[in-house]
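Notes for the one structure printed next.
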Amino acid sequence: MTLLCPHSAFAAEAACAHSAATMPAPGGPRQPSPDVARVERAARLAASGSSESDVYKRMRDAAARELAGRPDNGGPVTANELQIADDAIARQIEIDKGAAQQPSFAALAKMPGRPQIPGLNVIYLHPLGDPAQAHPWKNILVHQTEGPPGTARREAADQFANPTKRGVMIWVETDGTVYWSTAENVVTTQGEGADRNDNKYIDNSTTYHSVVKTNSIGVEFIGNYPDVTKPVTPEQIRAWLILAPFLQERYGIAADHIYAHNWIDFKDQRYCEGCELATLARKFDYCPSK
C-alpha cells in the first residue's frame, strides 16, 4: 500500500490499519502487555475507589514520572507534573468507561509515557517524553544481531543501564516484543562510521558520512544465530510494520529515510543486514501526518 505526501487524516488512519497481514485499527483491541502504562494502572485504582490509598499515591507519582519521560523511581515529582498526571488519569478513566474514544494512531505516536499501540507489544525500560524535546532524529537504521532468541531484553537492559555503550535505542525479540531501552534524547553508538560509498546496495552519495549515529534511531532485531542468513521471524515483520510507522509519525521521518545497516555501512559479506526489513518499510511507504 502506498500513500503520497501530504495525505489526509483518513489516509493516515488507513495506512495504520494494514501490515503484511492486518494491522489493528487505532482504538481496536489491545494486545496484552506486561508493561501497563502507569497512567492506566492509576486510573484503574481510582475507578475502584482506591484514590486515597498509599498504593494509588505511589502509582500517581509513577504516572507523573512516566509522562515526564522518566523511568520508575526517577526522582521526585513536581506539583505541575502531578497535575498533568491527574488530567491524564481522568481522561483514561473516561476512556475505560467508554465515555471517550481511544486516541488515534497519530495521537498515540506523539504521546509521552508508555503509549501502547494496538497490535504492538512495547515494553518501555525508559518511557517517552515530549517528542518536541527529543533529539532531532532524521533517519531510522535497521540492524540484525547474531544473538540467539531471548536476548533482546538482556541487551535492552544493558543499554538502559549504560546508554552510550555499543548498541541501539530499540530492540525487537523474535516473538515481536519491542524493548525501548534508552531515552529519546540519547545518542547511542550504532551507525558509527557510515562509510560505505561503493553503491553496492543503494546509491550512497546521499548517505556517505551523512546517515550517522547522531541523526539516526537504531532498531536491532535479535535472532539470526547461529546462521546469520536466517531471516527475521513473521512476528518480527508484523511488529516492524507497526513500529516503523510509529517512529515515523513520532519524529516526522519519511519512508525513504529508513536504511538497512548494510546500505550505509559494510558489516558482513554473508548477508545484507537489515535489508529485508528496510525494504518492507519503504514499500509500505507510511507518510507522517503534518
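FYI, it's all coordinate maths here, none of it is from the lab. These numbers come from a predicted model, not from an experiment. Quick reminder, even Gly has a Cβ in these numbers, built from the backbone with ideal geometry, and neighbours come from all protein chains shown.
The listed peptides 89-98, 134-143, ordered by packing as a protection proxy, come out as 134-143, 89-98 (highest mean of other Cβ atoms within 10 Å first).
Take every Cα pair under 8 Å whose residues are at least 6 apart in sequence, average their separation, divide by the length of the chain, and the relative contact order is 22 percent.
Residue ranges 173-183, 158-168 sort as 173-183, 158-168 when ordered by packing (mean number of other C-beta atoms within 10 Å per residue, highest first).
Which FRET efficiency value, to the nearest 0.05, do you get for Glu94 and Ala157 by plugging their Cβ-Cβ distance into 1/(1 + (r/R0)^6) with R0 = 25 Å? Efficiency computed from Cβ-Cβ geometry: 0.10.
Magnitude of the charge dipole for the chain, about its Cα centre and with charges confined to Cβ atoms of Lys, Arg (+1) and Asp, Glu (-1), is about 220 debye. The Val228 and Ala254 beta-carbon pair, evaluated with R₀ = 30 Å, returns a calculated FRET efficiency of approximately 0.50.
Which order do peptides 216-223, 230-237, 56-63 fall in by mean Cβ count within 10 Å, highest first?
216-223, 56-63, 230-237
Pair-distance distribution of segment 119-200: all C-alpha pairs, bin width 10 Å, starting at 0; shares per bin in whole percent are 16, 47, 29, 8.
Computed from label points 7 Å out along Cα-Cβ, the spacing between Lys290 and Asp72 is 4.3 nm. Listed values (i) 0.98; (ii) 1.15; (iii) 0.95 include one computed from this model; for Rg/Rh (Cα atoms, Kirkwood Rh) that value carries the label (i). Here the calculated FRET efficiency for Lys57 and Arg166, from their Cβ-Cβ distance with R0 = 41 Å, stands at 0.55, rounded to the nearest 0.05.
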